[in-house]
């Protein structure tokens, strides 16, 4: 999986910082998560091809998470897109987008398919050949979902030399990758494990923004490879976090620790603080594998 | 008058170019004209104080002219704005903005006053103490207005030394500025013109984007000080201009010439051309006082 942070600050776009948007590349798919104002310019800066984006997931209808969507949809149209686009987000999003397309008499020439969300329980949104996506209900001021992306277990890895040594015909190689035992050219049964290795462990990514401290999601987050958890505030402003449906860096680290995730990325910083290092200082003693999101930073795992 | 170009390209924001937005400063007022995606960041770069903007004029409901408005309105709210904001634009704009505020449960704490436009004739939108604003109906694919900003004639300029020499009491100075004759300390009538000079000629600015070549507006544009006229295409693509409700640089220059304006600014360039100088080359032979808009460029007159 490869994650590109397009924007990771809260509230408003500024001269050198952007509000929430990210791109997740996974098993050949390019997925956009949230789409703040300016996302299309950030996509250009990150050199991500617009046409590769087929799925967009919107967490909630606060502007710093979706005001760039109508512009991106319009730009897709201007660029002559033909591929369908799937947009997943709260009920209401479709009406907002269609109203603006209608006002501009600018219907898309591609299929624009909305999947509107309203459940307060986790639900599976996508069951693709190589991965799944499900919602993570979050606690915020308006209806909000995080998203959990899970790779499926891939095929077993064929050790070609061993298959050759065992005189297995290449016609059986796909069967071997599926885990089957096969007959070799001499009619002997070759046990699958003799010539294959276990596939790589499937990776996962959980995006949780915006949310108050919320232990309800621990079961879903259990042992995910990477967790992005918002940390709008520091602990000194815990009361502000509680009042606005946000979290502190310490709370984000606590969730990461309890869920036993592999790595924690912090983001959605309030701009009131002088240094982002303060977020790291607060989270690190609780959960060591933590890093700070930055606009245009990449993560690979 | 001072004009700051925030963005002057057509269609979409790109890494180094912005779609239409401008700030006009006139007699102590700061006015925003159009508001493409990214306008709030451009305002920051131009160091224009958000709180000074009390009037926003939106030409039409194509995204490259208004997709930044909802973000700006939301940011005003986050910055604690108290002053009322007046938004002038086509019918439909209010519904689009209010729907998004409602979805985010983020009503403004300041008065947000919409003036929705639907007339196809010029109409006066504002009659302030020192200036007026009227619509210029344009020809485009959707309902579109340009805007004409006119300073009112200011007070006469008092020549203080002459007033003192003529023994006029300072209590009469305001009367003199209004053009009245007054009695001096000896009871003699002093003719106004003896101690005052004519006020500066009022300046004007016409914003015309987006529009096809349209001679209907010549009467309104007659002798305006500065005209901003879109030039999306070069003459070689006149057929594209006609088909999309846009103008060529040559057509813009022709309008400027026929209307006998003082100065022409071109903008709204398509990004298909290698050099903007081509627009200048095409317009200059027809109308000499022409310049190219550029993002963050200022004009004073």
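Since every read-out is calculated from the coordinates, none of them should be taken as a lab result. No experiment lies behind these values; they were computed from the predicted model shown. Cβ: placed from backbone, ideal geometry, glycine included. Neighbour counts: every protein chain shown.
Mean projection of the Cα convex hull over all viewing directions, computed for the protein assembly as shown: 35.9 nm². With semi-axes defined as the square roots of five times the eigenvalues of the C-alpha gyration tensor, the equivalent ellipsoid of region A:227-291 measures 18, 13, 9 Å, largest first. Neighbouring Cβ atoms from other chains, within 10 Å of the Cβ of residues in A:11-20, number 4 on average. The reciprocal of the average 1/r between distinct C-alpha atoms defines the Kirkwood hydrodynamic radius, which for region A:193-301 equals 14.4 Å. Label-point distances for residue B:165 to the equivalent site in the other copies, using a point 7 angstrom along Cα→C-beta, read 11.4 nm when ranked shortest first. Here the contact order of chain B, divided by its residue count and restricted to Cα pairs under 8 Å and six or more residues apart, works out to 16 percent. Of the peptides B:234-241, A:277-284, B:108-115, the ranking by mean beta-carbon count within 10 Å, highest at the top, reads A:277-284, B:234-241, B:108-115. Computed over the protein assembly as shown, the per-residue total of -39500 (n - 2.57) for DSSP H runs of n ≥ 4 gives a 222 nm mean residue ellipticity of -6000 deg cm²/dmol, rounded to 500. Every Cα-Cα pair in region A:157-197 was counted, and those over 17 Å apart are 9% of them.
When each of the peptides A:39-52, A:164-177, A:19-32 is scored by how many other beta carbons lie within 10 Å of its residues on average, the order from highest to lowest is A:19-32, A:39-52, A:164-177. Dividing the C-alpha radius of gyration of region B:65-110 by 2.2 N^0.38 Å, with N its residue count, gives 1.10.
For the peptides A:265-274, B:150-159, the ranking by mean Cβ contacts within 10 Å, running from highest to lowest, is A:265-274, B:150-159.
Ordering A:37, A:129 from the fewest to the most neighbouring beta carbons within 10 Å gives A:129, A:37. Take each residue of peptide B:62-71, count the partner chain Cβ atoms within 10 Å of its Cβ, and average: the result is 6. Of all DSSP-defined beta bridges confined to region A:1-119, some 45% are antiparallel rather than parallel.
How much of the pair distance distribution for region A:1-119 lies past 24 Å, counting alpha-carbon pairs only, in percent? The share of Cα pairs beyond 24 Å in region A:1-119 comes to 20 percent.
Mean partner shielding of peptide B:94-106, defined as the number of other chain Cβ atoms within 10 Å of each residue Cβ, is 5. Here chain B is treated as a sphere whose radius is the Kirkwood value from Cα pairs; by Stokes-Einstein at 25 °C and 0.890 mPa s it diffuses with a coefficient of 118 µm²/s.
Take the convex hull of the alpha carbons in region A:115-253; its mean projected area over all directions comes to 11.0 nm².
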